[in-house]
1. Has region 108-115 got any residue that is outside any loop (DSSP other than H, G, I, E, B) and at pLDDT 95 or above?
2. Restricting attention to region 199-211, and to residues there that are of a type in the set (Gly, Ala, Ser) and more than 16 Å from Ser231 (Cα to Cα), which single residue is modelled with the lowest pLDDT?
3. Go through region 212-248 residue by residue and tally those that are part of a loop (DSSP other than H, G, I, E, B) and either open to solvent by 50 Å² or more (accessible area, probe 1.4 Å) or at pLDDT below 90 (or both).
Amino acid sequence: MTKAMAKTLPLQGRAVLASMIKGLVGAPETNLAVTFADCGDASFHAKVTDVEPKQIATGSTTDITGAGHLDEDISGATFDMEMTGLGGLELVQNCGGDGSQQKECDIQALGVKVGSLTYKPITFPIKAGDITGIPTVAAALNSGIPAVAESTTTTLKVTASNGDKVFCVKIMTKAMAKTLPLQGQAVLASMIKGSVGAPETNLAVTFADCGDASYHAKVTDVEPKQIATGSTTDITGAGHLDEDISGATFDMEMTGLGGLKLVQNCGGDGSQQKECDIQA
């Protein structure tokens with residue numbers, strides 16, 4: 001995933017996004033796919049191995065729960081939770097507190113409330129071992145939620161009372177149908193062509209392994225963590241493979257703001273180079 005490293009849009013861009021939020025450029029999708037990535041490193045004492053459900057609907061409230069493994073007992077903890085949307089737009093910030101207490105935080109896009117996230121309290125102590133139902137976050141999404149708030153990343157970190165890092169998880173949502181209505185595509189096209197430009201030239205690069213237990217390799221890193229517009233950069237991965245591979249095919253796609261398809265039908269023989277246009 002790439003996003004502009006500076007998050008502030010120019011005033012004209014904010015005006016366009018505000019119009020999208022207020023329903024002038026809506027998207028018809030009501031179902032959002034849910035994926036996740038454990039964002040802890042070796043210093044964390046728990047690893048999140050699953051998040052359920054894999055789909056949520058707008059116009060309702062859904063408990064999103066996690067499961068994983070904990071390597072030490074935890075007697076108490078604090079949490080910190082934030083959510084970003086399209087273009088790194090901050091939707092939830094400064095949401096944190098006592099891990100044993102429930103807290104509701106508004107999802108706001110440019111000052112317009114489009115839903116809420118509710119952190120569900122953890123009952124302490126937690127014993128080391130396999131854990132389920134931790135964390136639990138209730139996501140309440142308004143009906144007709146705008147495209148700007150459909151593709152989101154929620155980051156939840158929990159820290160033990162003694163300062164130990166417990167877990168870090170990123171929960172991502174995106175519209176299951178990716179095609180924007182024509183009016184939305186026209187607005188995004190005008191942004192791409194510079195009528196609503198953003199000053200950023202450096203893009204932050206993040207990644208998430210999207211394979212499950214049926215895959216034979218796990219991607220553990222992607223480099224570099226930053227790329228610049230106006231140049232060509234090789235983005236490379238690293239990981240672990242559990243069997244020899246004699247040959248393979250590949251399939252690659254790219255989506256942008258609002259799920260707009262930028263690269264599609266790009267695939268072929270894994271031993272052959274292939275260039276695919278990014279088109280908006």
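The values are calculated or read from the model by the stated rules, or taken from the named source; none is laboratory data. Note that the structure is a prediction, hence the values are computed from the model and not measured. Positions of Cβ are generated from backbone atoms using ideal geometry, with glycine treated the same way; all protein chains shown enter the neighbour counts. With ligands, DNA and RNA removed, areas are computed over all heavy atoms of the protein, side chains included. Shrake-Rupley method; radii C 1.70, N 1.55, O 1.52, S 1.80 Å.
1. Just the residues of region 108-115 that are outside any loop (DSSP other than H, G, I, E, B), to begin with: 108-109, 112-115.
Still in the list and also at pLDDT 95 or above: none.
The answer is no, given that none of the residues of region 108-115 is outside any loop (DSSP other than H, G, I, E, B) and at pLDDT 95 or above.
2. Start the filter on region 199-211 by keeping residues that are of a type in the set (Gly, Ala, Ser), which leaves 204, 208, 211.
Add one more test, that the residue is more than 16 Å from Ser231 (Cα to Cα), and what stays is 208, 211.
Details: Ala208: 93, Gly211: 90.
In this case the residue turns out to be Gly211.
3. First, the residues of region 212-248 that are part of a loop (DSSP other than H, G, I, E, B): 212-216, 224-225, 229-235, 242-248.
Retained after the next criterion (residues that are either open to solvent by 50 Å² or more (accessible area, probe 1.4 Å) or at pLDDT below 90 (or both)): 212-216, 225, 229-235, 242-248.
So the answer is 20.
Let's see how each residue does on (1) surrounded by fewer than 16 Cβ atoms within 10 Å (Cβ to Cβ); (2) over 22 Å from Gly40 (Cβ atoms); (3) over 15 Å from the mean Cα position of the chain (by Cα):
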{"residue": "Val51", "(1), (2), (3)": "no, no, no"}
{"residue": "Thr58", "(1), (2), (3)": "no, yes, yes"}
{"residue": "Thr65", "(1), (2), (3)": "no, no, yes"}
{"residue": "His69", "(1), (2), (3)": "yes, no, yes"}
{"residue": "Glu72", "(1), (2), (3)": "yes, no, yes"}
{"residue": "Met83", "(1), (2), (3)": "no, no, no"}
{"residue": "Glu90", "(1), (2), (3)": "yes, yes, no"}
{"residue": "Lys103", "(1), (2), (3)": "no, no, yes"}
